[in-house]
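This report refers to the structure that appears directly beneath it.
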Amino acid sequence: MSRPSDQVGNRDCAPSGAPVKVLANGRIITVDSRDAIAEAIAWQGDRIIAVGENYAVCSAAGDDAVVIDLGGRAVVPGLIDTHAHMDREGLKVLGTDLSGCRQLSDVLERIAAAAAVAEPGAWIVTMPVGTPPFYTDGPDSLKEGRLPRRDELDAVAPRNPVYIRPIWGYWRHAPNPECLVSAANSEALRASGISPDAGVPAQSVSFERDGAGCLTGIIRETTAMPIVELVMLDAASRFTARDRETGLVAAMRAYNRLGTTSIYEGHGVASELFRAYRACQHQGRMSVRAHLTHSPSWRTIGDADPARLLEQWAYWAGAGGLGDDWLRMEGLFVEHRVAPDDLVRAGAAPYTGWAGFHYDCALPREALREVLIAAARSDIRCVAIAPDLIDLLVEVNRVVPIVGRRWIVQHVGPLSRQRCQLAAELGLILTPLTTRYIYKEGVASPARQGLADESDYVPLARLADMGVTFSLASDNSPPSLWHSIWHAVARRDGTGAEVPGADQKLSRMQALRAATMGGARLGFDEEHKGSLEPGKLADLAVLSDDPLRCDEDVIPAITAAMTVVGGRIFHLDRAVFTAPEIAERGVTT
């Protein structure tokens, strides 16, 4: 890593009269083309104006600048999470919290407390039992090894319908088929029309019965995404428009605390989630820049001609989409695995629950091929959710060239050398899902079975060597992108075991670059963000630890002591920055 020559931008392009702010006496990890390390950085308005040595930057900033002493702390470009599902983080706090419960009596006490202040008939909905953020223990975390049955719930909340949610299975990413467990009391079952004679909405759902054939209130689903709460207990599970807006604001602040300043929702968003984002922008409550992708509901669309449909969508989904630096909608999410359970879930539309995307967004391969060709002709960039679709993109490219148009493939785990080469030739941008394949499944991953070469498993170093642009993502499990950076560097799973393919580890700088400049390139934003250079947006984070120097196992615990987005401080750890000039000289959150 080199030391930068002092870089001073054009202050004439900054807002007239806007105060200049300087972070000095630190380690400014610029992630520029030379991996330069500076001592200070200055910005005015929403743009960086100088990066370099303390004296040069402070001189360029002028005598009236607000100077904050970093005390040697590291500063990085704001992280860009390219498969974030950020909204879910704020929704997690809306239900009664059952984390930390160790026995049935703990659960019942918390529900009784909620019932004591609830109006008669009001729903009491809890978060799942287990340890967040992964909930790998679930009901097994309780001494009795089960959830309370309906009679036990009736005893503490006789006047209220009660529902204990199951987990969203992708928080856990169990290597074996999921089993989601939830519980409802008598009032909840009655209000939802679930009787002993009621049928199940899907074969993956079962209602537990006692020896007399009566419902116990325990519901099991052998699937990763809940079905029952969407289509039978929807009165309990439904997030309102206000829930989504307030939850989204809380989620953005949570991501700010981790140093994330931009997200990309590659899984696509449904209209109800897009409306929440738009409301937050109109209210001036955005603190994370959001680049969204359209999640189609193909069942709603019906038999529309793909060419005509995509041509109509092109004015807002194509050629960069619509929006600004804070909120943009662009592109089309595509998937080819049509699952029967998803068609059941889609019956709740336009409501989408935890997903935030449409459940009927997949098409059979041949139908998807026609959509992709129509999208390419209309200059609509597509985001594929599975790496095996790279082969289909090769076919599309033979009909309508997509080389250099930065089409995206996400959820990358195993990837052969041949597909890596195809990605390079097509100029695709990839997003490996390290949180699933390295950390959660790791050594035990079914995806590793049958691999001819262990280096094919999340081949990050190979992608870097081949010149394939790739970014990193949290998948909101957990929301910290520092976890994903650590996965790429340490390549160890949640048990601490080394995941095979050690030659695919990244250096710390490579991983940080993927989490910053990789995300910027994915959004066609590399001229505006992703590195700390004059003229770029003032999106940055002052960190609790230096990611290039700290102990390797400290990396996933890194947080932000200060997060700046567009020149505004949206997160500030007052235990770290206690200097009075922060409050007194115009640096406000």
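The values are calculated or read from the model by the stated rules, or taken from the named source; none is laboratory data. All of these numbers come straight from a predicted model, not from anything done at the bench. Backbone-built Cβ (ideal geometry, glycine too); neighbour counts: all protein chains shown. For accessibility, only protein heavy atoms count, side chains too; no ligands or nucleic acids. Shrake-Rupley method; radii C 1.70, N 1.55, O 1.52, S 1.80 Å.
Key figures for this structure:
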{"read-out": "Sites Thr300 and Arg220 - FRET efficiency at Förster radius 45 Å, r taken between beta-carbons, to 0.05", "value": "0.90"}
{"read-out": "Other-chain or far-sequence residues with amide H under 5 Å of Arg47's (modelled H)", "value": "Ala538"}
{"read-out": "When each of Lys92/Lys529; Lys21/Lys92; Lys21/Lys536; Lys440/Lys536 is checked by Cα-Cα distance, pairs over 25 Å", "value": "Lys92/Lys529; Lys21/Lys92; Lys440/Lys536"}
{"read-out": "Charge tally in the Cβ shell below 13 Å around Ser99, where Lys, Arg are +1 and Asp, Glu are -1, Ser99 excluded", "value": "+1"}
{"read-out": "Sulfur and carbon atoms: percent of accessible area, the stretch 453-589 [1.4 Å]", "value": "47 percent"}
{"read-out": "Sequence-distant residues sharing a close amide H with Leu258 (under 5 Å, placed H)", "value": "Ala560"}
{"read-out": "Distance between modelled label sites at Glu454 and Leu309, nm, 7 Å Cα→Cβ extension", "value": "4.5 nm"}
{"read-out": "Euclidean distance of C-alpha centroids, the stretch 133-157 and the stretch 227-269, integer Å", "value": "25 Å"}
{"read-out": "Centre separation in Å (Cα based) which lies between the stretch 166-199 and the stretch 318-334", "value": "36 Å"}
{"read-out": "3J(HN,Hα) from dihedral phi, the stretch 195-201, Karplus parametrisation 6.51/-1.76/1.60, rounded to Hz, x for glycine, proline", "value": "10, x, 8, 5, x, 8, x"}
{"read-out": "Length gained when the stretch Ala212-Met509 is fully extended (0.36 nm per residue, less Cα-Cα span)", "value": "100.6 nm"}
{"read-out": "Accessible surface of the stretch 265-388, 1.4 Å probe, proportion on carbon and sulfur as whole %", "value": "52 percent"}
{"read-out": "Reduced Cα scattering model of the stretch 206-308, Debye log10 I(q)/I(0), q = 0.17, 0.18, 0.21, 0.24 Å⁻¹", "value": "-0.97, -1.01, -1.15, -1.29"}
{"read-out": "Shape of the stretch 78-179, Cα gyration tensor, a/c cut at 1.5", "value": "oblate"}
{"read-out": "Share of carbon and sulfur in the accessible heavy-atom surface of the stretch 17-101 [1.4 Å probe, %]", "value": "45 percent"}
{"read-out": "Surface accessible to a 1.4 Å probe, Asp64 within the full protein complex, Å²", "value": "130 Å²"}
{"read-out": "Accessible surface of Thr469 - all protein chains present, 1.4 Å probe, nearest 10 Å²", "value": "30 Å²"}
{"read-out": "Value of relative contact order over the stretch 467-548, rounded to a whole percent, pairs C-alpha under 8 Å and six or more apart", "value": "28 percent"}
{"read-out": "Extent along principal axes [Cα atoms of the stretch 97-138; Å; largest to smallest]", "value": "34, 18, 10"}
{"read-out": "P(r) weight above 36 Å for the chain, C-alpha pairs, percent", "value": "39 percent"}
{"read-out": "Lys/Arg +1, Asp/Glu -1 at C-beta; the chain dipole; positive extreme among Gly71, Ala362, Ala155", "value": "Ala362"}
{"read-out": "Å² of accessible area per residue within the chain, as computed with a 1.4 Å probe and no ligands counted", "value": "38 Å²"}
{"read-out": "Val412 long-range amide H proximity, modeled H, under 5 Å", "value": "Thr431, Leu433"}
{"read-out": "Derived scalar couplings ³J(HN,Hα) [the stretch 219-229; Karplus, 6.51 cos²θ - 1.76 cosθ + 1.60; whole Hz; x for Gly, Pro]", "value": "10, 10, 9, 8, 7, 8, 10, x, 10, 4, 5"}
{"read-out": "The stretch 376-403 and the stretch 509-554: distance between their alpha carbon centers, rounded to Å", "value": "28 Å"}
{"read-out": "In nm, spacing of pseudo-spin labels at Arg549 and Ser33 (7 Å Cα→C-beta vector)", "value": "2.8 nm"}
{"read-out": "Label-zone membership for the stretch 420-449, site Asp465, 7 angstrom Cα→C-beta point, backbone N under 14 Å", "value": "420-421"}
{"read-out": "Residue-by-residue Karplus 3J(HN,Hα) for the stretch 65-78, coefficients 6.51, -1.76, 1.60, Hz, glycine and proline x", "value": "5, 8, 10, 10, 7, 7, x, x, 5, 7, 10, 10, x, x"}
{"read-out": "Kirkwood hydrodynamic radius over Cα pairs of the stretch 118-246, then Stokes diffusion coefficient at 25 °C and 0.890 mPa s, in µm²/s", "value": "162 µm²/s"}
{"read-out": "For the stretch 414-467, Kirkwood radius (reciprocal of mean inverse C-alpha pair distance, Å)", "value": "11.6 Å"}
{"read-out": "Label-point gap, in nm, between Ala424 and Ala497 - each point 7 angstrom along Cα→Cβ", "value": "3.2 nm"}
{"read-out": "Solvent-accessible surface ranking, highest first, for Tyr55, Tyr264 at 1.4 angstrom", "value": "Tyr55, Tyr264"}
